[in-house]
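Engineer: Quick one: the structure is below, and I'll ask about it shortly.
The values are calculated or read from the model by the stated rules, or taken from the named source; none is laboratory data. These numbers come from a predicted model, not from an experiment. FYI the Cβ positions are ideal-geometry reconstructions off the backbone, even for glycines, and counts take in every protein chain you see. Ligands, DNA and RNA are excluded from the accessible area calculation, which covers all protein heavy atoms including side chains. Shrake-Rupley method; radii C 1.70, N 1.55, O 1.52, S 1.80 Å.
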Amino acid sequence: MRSGVLIAGGGLAAQRCAETLRRSGYEGAVTMVCGEPHLPYDRPPLSKEVLHDTHAERRLTFRPEDWYGERQVELLLGVEARGLDATARKLALSDGSSVAYEHLLIATGGRPRPLPAFERFANVSMLRTLEDARALRAVLTPGCRLLIIGAGFIGQEVAAAACKAGASPTIVEAAAAPLAGLLGAELGAWFAELHRSSGVELLLEEQVERVHGSERVASVTLRGGRRIDCDHVLVGVGIEPNVAWLRGSALQEAGVRTDVDGRSAVPGVYAAGDVAALFDPLLGRHVLGSHWETAGRQGARAAKAMLGLDPGPGAVSSFWSDLYGTRVQYLGHAPLADAVSFDGDPGSRDFTATFTSAGRVVAVLLAGRPQLLPQARALLATNNERTHP
Amino acid sequence: MTYVAEIDEDACAAHGDCEAIAPEIFRLDDVAIVVGEGPDELMLEAARACPSVAIRLTDRDSGEQIYP
C-alpha cells in the first residue's frame, strides 16, 4: 500500500486537514480512518437544530461523496484506529489491517465523560454522534421532562433545543452559574437568566445525591434535598480525549501533546481537535481540546506543517452559540483577565463584555452584536502582536 | 440587486452557513467564495448568519458598507 498521509478521525479537524493537503497541491495518498459509518460530518448542529428538525441532518456532511472521489481522498468508514507502531510508522485498524504512513494526523476526537450513577439506566443519553442526536430527538416530544446534568455548552444548547421541541428541561449544575469558571460570575448570571426567562428550570450549586428507578431513571434527589421527576436524562459533563488506542505508544494518554503547529514528540505524528493538547504560547502551557473554529484551523495547520509550508499565525480561541434567538460570540482567554467592563446593559441581550489583564484586552464576549466581531478580533490581534512581537 | 459581497479570507472559518442559505451566491471551498449574485435580502441574511462575520456587503452604487 502507498504510504502518504493517514488521518485517524472523520471529524472537523480531520476534514480540514484533508482539504488543506489537496488544496496545497499534495499529490500523495490521503486516507481518512473515520470511526463512524457516515461521511465526515459537522457536529455543532447535533445539539441544536438536529434535535428539533428531522430535515436538519441532511445538511450535516461537510462534502458530498463525489468530493472525496474527485480528490482521491480515501474514506475508511466505520473503521477505527486501534494501535500505533511509531517505529514502523504503521497504524493498526479495527478491521484487522495495518496501514503504513509517512505523516499521521491523530484526530480521533473525544467522548462524553460518563457519570457512573447514571450508567445502568435505559433512559439516559449522552451526545456526541448523529446516532446520539437521533435517539435524543426521538424522546424530546412535547411535555417530556428532560433532566440535564451539567450547564456546559452541550447542556445549555440541548436545553434551548428541547424548549423548541416543546419539552420541559431542568438543568442541574454544580457551579454557581453556567460557564462561571470561564467567564466569571456576572456573565454566568446572564446565561442563567437567559435560560430561566425562556422557561428552563436551572438549579445551581446542586448535585445529584441519589438516582431512583430500576431500569429507567424515574427521579433523582439532589444534595439540597429536592426530588425531581423526569422522563429522560441527558448527561453533559464534558468530554475526554479518545486516546485509549494509543496505550503503549510514546504519546501522552491525557491528550496528545503537540507544539503550536500540531507536531507531537513522535516523528511524523501530528494531532488536532479534541484529542490534542496544543501548546498555547499566550498561556505558556498545553491546552487540551478546542472549540469548532480552533479544531478546524488546527487540522489545516497540521496539514501545512506536514508539507513544510508556513502555517501562519495560530487561531485565537473562540466559540459561538445561538441561545433562544441571541447570538453569543466569544474570543480570547477570559480566565487571564483581572477586570471586565461592559458596553451596553449586561442585563439585556445586547452588550459587549471586554476582559482585560493589566489594561490589555485578553478576551471579548458579544451578546446580540454579531456585527462587532471583526472589531473585537482586530482588538485581540493587536493585543497579541504587542505581547509577542 | 445592488449589494456586492466580499469574503474576508482570514476571518472565514468555513462554517458553511452562507452556502446553506444562498447556494447561488456562496460556495464553500477551503474558505467561502462568491460565485454569483442574488437578491439583497438573501445576501444580508447570509452575512448576518455567518458566525465569523466574514462576509462584507457594500452597495454597488453608493460604495457604502452595508454589513457588518
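Engineer: Please pick out the residue among A:103, A:52 that is buried (at least 16 other Cβ atoms within 10 Å of the Cβ), closer than 22 Å to residue A:269 by Cβ and in contact with a helix residue (DSSP H, G or I) (Cβ under 6 Å, 6 or more places away or on another chain).
Structural biologist: On the way: A:52 fails: closer than 22 Å to residue A:269 by Cβ.
When all the criteria are applied, what remains is A:103.
Engineer: Which numbered condition trips up residue A:371, out of (1) within 14 Å of another protein chain (Cβ to nearest Cβ); (2) without any contact (Cβ under 8 Å) to a residue 60 or more places away in the chain; (3) assigned to a strand (DSSP E or B); (4) surrounded by fewer than 19 Cβ atoms within 10 Å (Cβ to Cβ)?
Structural biologist: (3) is the only condition that residue A:371 fails.
Engineer: Check B:53, B:34 and return the single one that is aliphatic (A, V, I, L, M) and open to solvent by 60 Å² or more (accessible area, probe 1.4 Å). Break it down stepwise before answering.
Structural biologist: Working: B:53 fails: open to solvent by 60 Å² or more (accessible area, probe 1.4 Å).
On inspection, the qualifying residue turns out to be B:34.
Engineer: If you don't mind, there's one more thing I want to ask. Report whether or not residue A:30 is buried (at least 16 other Cβ atoms within 10 Å of the Cβ) and over 27 Å from residue A:133 (Cβ atoms). Walk me through it before giving the result.
Structural biologist: On the way: buried (at least 16 other Cβ atoms within 10 Å of the Cβ): yes; over 27 Å from residue A:133 (Cβ atoms): yes.
Considered against the rule, which asks whether it is buried (at least 16 other Cβ atoms within 10 Å of the Cβ) and over 27 Å from residue A:133 (Cβ atoms), residue A:30 comes out as yes.
Engineer: Could you tell me whether residue B:61 is touching a Ser or Thr at 6+ places or on another chain (Cβ under 8 Å), more than 10 Å from chain A (Cβ to nearest Cβ) and open to solvent by less than 30 Å² (accessible area, probe 1.4 Å)? If you could, list the steps in order and put the result at the bottom.
Structural biologist: On the way: touching a Ser or Thr at 6+ places or on another chain (Cβ under 8 Å): yes; more than 10 Å from chain A (Cβ to nearest Cβ): yes; open to solvent by less than 30 Å² (accessible area, probe 1.4 Å): no.
Answer is no for this residue.
Engineer: Residue A:75 is checked against (1) within 13 Å of chain B (Cβ to nearest Cβ); (2) open to solvent by 10 Å² or more (accessible area, probe 1.4 Å) and fails just one. What number does that condition carry?
Structural biologist: Just one mismatch for residue A:75, condition (1).
Engineer: Here's another thing I want to ask about it. Just to be sure, is residue A:65 acidic (Asp, Glu), more than 25 Å from residue A:164 (Cα to Cα), loosely packed, with under 15 Cβ neighbours inside 10 Å and within 14 Å of chain B (Cβ to nearest Cβ)? Talk me through it step by step, then tell me what you get.
Structural biologist: Details: acidic (Asp, Glu): yes; more than 25 Å from residue A:164 (Cα to Cα): yes; loosely packed, with under 15 Cβ neighbours inside 10 Å: yes; within 14 Å of chain B (Cβ to nearest Cβ): no.
Judged against the criteria, residue A:65 is not a match.
Engineer: Is it the case that the range A:82-93 has a residue that's within 21 Å of residue A:134 (Cα to Cα), among the small types (Gly, Ala, Ser) and within 25 Å of the chain's Cα centre (by Cα)?
Structural biologist: no
Engineer: Inspect the range A:224-231 for any residue being of a type in the set (D, E, K, R) and in contact with a Lys or Arg (Cβ under 7 Å, 6 or more places away or on another chain) and give the result as yes or no. Step through it out loud before you land on a result.
Structural biologist: From the range A:224-231, those of a type in the set (D, E, K, R) are A:226-227, A:229, A:231; that's our starting set.
Filter again for in contact with a Lys or Arg (Cβ under 7 Å, 6 or more places away or on another chain), leaving A:229, A:231.
Scanning the range A:224-231, I find at least one residue that is of a type in the set (D, E, K, R) and in contact with a Lys or Arg (Cβ under 7 Å, 6 or more places away or on another chain), so the answer is yes.
Engineer: Considering (1) within 12 Å of residue A:32 (Cβ to Cβ); (2) without any contact (Cβ under 8 Å) to a residue 12 or more places away in the chain, say which one residue A:77 fails and leave the rest.
Structural biologist: With (1) within 12 Å of residue A:32 (Cβ to Cβ); (2) without any contact (Cβ under 8 Å) to a residue 12 or more places away in the chain applied to residue A:77, the lone miss is (2).
Engineer: Failed condition for residue A:46, given (1) assigned to a helix (DSSP H, G or I); (2) without any contact (Cβ under 8 Å) to a residue 24 or more places away in the chain; (3) open to solvent by less than 50 Å² (accessible area, probe 1.4 Å), with all others met?
Structural biologist: (2)
Engineer: For the subset of the range A:283-294 comprising residues that are over 12 Å from residue B:15 (Cβ atoms) and among the hydrophobic types (A, V, I, L, M, F, W, C), which member is surrounded by the fewest Cβ atoms within 10 Å (Cβ to Cβ)?
Structural biologist: A:283
Engineer: Just checking, which of A:111, A:134 is in a strand (DSSP E or B), open to solvent by 50 Å² or more (accessible area, probe 1.4 Å) and closer than 26 Å to residue A:291 by Cα? Give the derivation first.
Structural biologist: Values: A:134 fails: in a strand (DSSP E or B).
Result: A:111 is the single residue among A:111, A:134 that is in a strand (DSSP E or B), open to solvent by 50 Å² or more (accessible area, probe 1.4 Å) and closer than 26 Å to residue A:291 by Cα.
Engineer: Is there any pair with a first residue in the range A:12-34 that is more than 9 Å from chain B (Cβ to nearest Cβ) and a second that is polar (S, T, N, Q) whose Cβ atoms are under 6 Å apart and which are 6 or more apart or on different chains, and what are they?
Structural biologist: A:13/A:298
Engineer: Also: The conditions are (1) within 14 Å of chain B (Cβ to nearest Cβ); (2) without any contact (Cβ under 8 Å) to a residue 40 or more places away in the chain, and residue A:381 fails exactly one of them. Which is it?
Structural biologist: (2)
Engineer: Those residues that are more than 24 Å from residue A:183 (Cβ to Cβ) and hydrophobic (A, V, I, L, M, F, W, C), I need them from the range A:142-165; list them, please. Steps first, answer last, please.
Structural biologist: The initial filter retains those residues of the range A:142-165 that are more than 24 Å from residue A:183 (Cβ to Cβ), namely A:142-147, A:164-165.
Within the range A:142-165, A:144, A:146, A:147, A:165 qualify.
Engineer: Checking the conditions here, which among A:340, A:316 is crowded, with 16+ Cβ neighbours inside 10 Å and under 29 Å from residue A:48 (Cα atoms)?
Structural biologist: On the way: A:340 fails: under 29 Å from residue A:48 (Cα atoms).
Going through A:340, A:316 in turn, just one is crowded, with 16+ Cβ neighbours inside 10 Å and under 29 Å from residue A:48 (Cα atoms): A:316.
Engineer: Another one. Report every pair of residues separated by at least 6 positions or lying on different chains whose Cβ atoms are under 6 Å apart, first residue within the range B:5-34 and at positive phi and modelled with pLDDT under 90, second assigned to a loop (DSSP other than H, G, I, E, B) and of a type in the set (A, V, I, L, M).
Structural biologist: As it stands, the answer is B:14/B:31, since those pairs meet every condition given.
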